[in-house]
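A.B. asks: Next up is a structure, given as structure tokens.
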Amino acid sequence: MSGAPRPTGTRPEGVGPSGLGAHGVGAALGARLRDGDLSAAPAVLNLLESTTAQDRREAAALLAEVSPAALGGEAPGQVIGVTGPPGAGKSTLLSALLRAWRAEGQSVAMLAVDPSSRRSGGSLLGDRARIEFDPADRETFIRSTSAGERLGGLAWATRAAAHALAAAFDVVVIETVGVGQAETEVADVADTVAVVVQPGSGDVLQFYKAGIMEIPDVLVVTKADLGTIAMRTRRDVGAALRSLGSTSTSVVAVSSLAPAQGIEELIAALREHGAGADRAERRLRARRANALADYAHEHGERGLRALGGRLAAEQLLRSQDPQLDTAALVAALVAALERSAGER
Ligand SMILES: Nc1nc2c(ncn2[C@@H]2O[C@H](COP(=O)(O)OP(=O)(O)OP(=O)(O)O)[C@@H](O)[C@H]2O)c(=O)[nH]1
Ligand SMILES: [Mg+2]
């Protein structure tokens, strides 16, 4: 190392692919996930959510164990982001999807991002359904995680957990509330983004038309049991997407209440998108974007300037081994920062 004073920041020393926790609890948990041990999931989440310096080191060791380098390729599970306005029917839909996936024998982890820390009043939360699941089912893991404190970002723990769990679970779902920003956030983590709207929410289309929002991979119109209005919304959404030149988005109408409708079609659309060839490319882009965001969060504009600016930092990330995980990429940026401090 350069011997330069350690740059200020909250990331503890020693975090990296060969972090101090290499033989500790973090590495052991990572190895269990790598071996497909689903029962490791609760302890994995507990560790990733902890903010003590010691646990952060262990978390880095855990993540290194499930990095593409350690797995010999990308994690096999499909990470699906499900986002949409409050009350659109996301949680009820996820209950129905969970039943269908489990009937197929797929193991499923769901991370529901609890928006309460971002909302006041609570009135919007009045009509919320929880994701229904069988607590005795060992191949289902459900966890509420808190909303990110980083402005415009999912919590670090949620992103890290999604990546880690994809090493062991067939399907990993992240549920977030919102439209627009929420979708962009989840796109940095998920292989497949599904936006959920309820009948009559044509307003969502304005976001696409204005180019504010990226067009999702799958668009779901819920509450199809409401009949005509749901079918009309499905038709309008489909027409609007086509008029914007999108041919790749599947539009699916579902009812999540018994008797459920459209769930099989939705599962097929999600699976078809997940089987697309660009998953590795998308994950690599996401790791780099997340590394840059984490670095900028901890070291600020000054930290970016010390690397020669954002573009130079991006270049540096692109020059790294594509199999490194996010923490290792952050470590590479920090090492460059230390070198630059040493030169001054
Ligand atoms: N008729 C009908 N109602 C539904 C359907 N799906 C959900 N609902 C109802 O819509 C309301 C909101 O459903 P949730 O699943 O909690 O919606 P959500 O998008 O998860 O809401 P938040 O988590 O608060 O953002 C509840 O009262 C559900 O019972 C459906 O397919 N048909
Ligand atoms: Mg919900």
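Computed from the coordinates by the stated procedures, all read-outs in this text should not be read as laboratory data. Given the structure is predicted, the values throughout are model-derived calculations rather than measurements. Glycine also receives a Cβ, built like all others from the backbone with ideal geometry; neighbour counts cover every protein chain displayed.
A.B. asks: Which value, in nm² and rounded to one decimal, describes the direction-averaged projected area of the C-alpha convex hull of the stretch 59-107?
C.D. replies: 5.1
A.B. asks: Another one. If the only charges are +1 at each Lys and Arg Cβ and -1 at each Asp and Glu Cβ, what is the size of the charge dipole of the stretch 277-344 around the Cα centre, to the nearest 20 debye?
C.D. replies: Computed about the Cα centre, the dipole is about 160 debye.
A.B. asks: While we're here: Quick one: which residues, 5+ away or cross-chain, put their amide H under 5 Å from the amide H of E175? H built at 1.01 Å from N.
C.D. replies: Those lying under 5 Å, H to H, from E175 are V82, L111, A112, V113.
A.B. asks: Taking the Cα centre of the stretch 23-112 as origin, sum charge times position over the Cβ atoms of Lys and Arg (+1) and Asp and Glu (-1), and report the length of that vector in debye to the nearest 20.
C.D. replies: Magnitude of the dipole: close to 220 debye.
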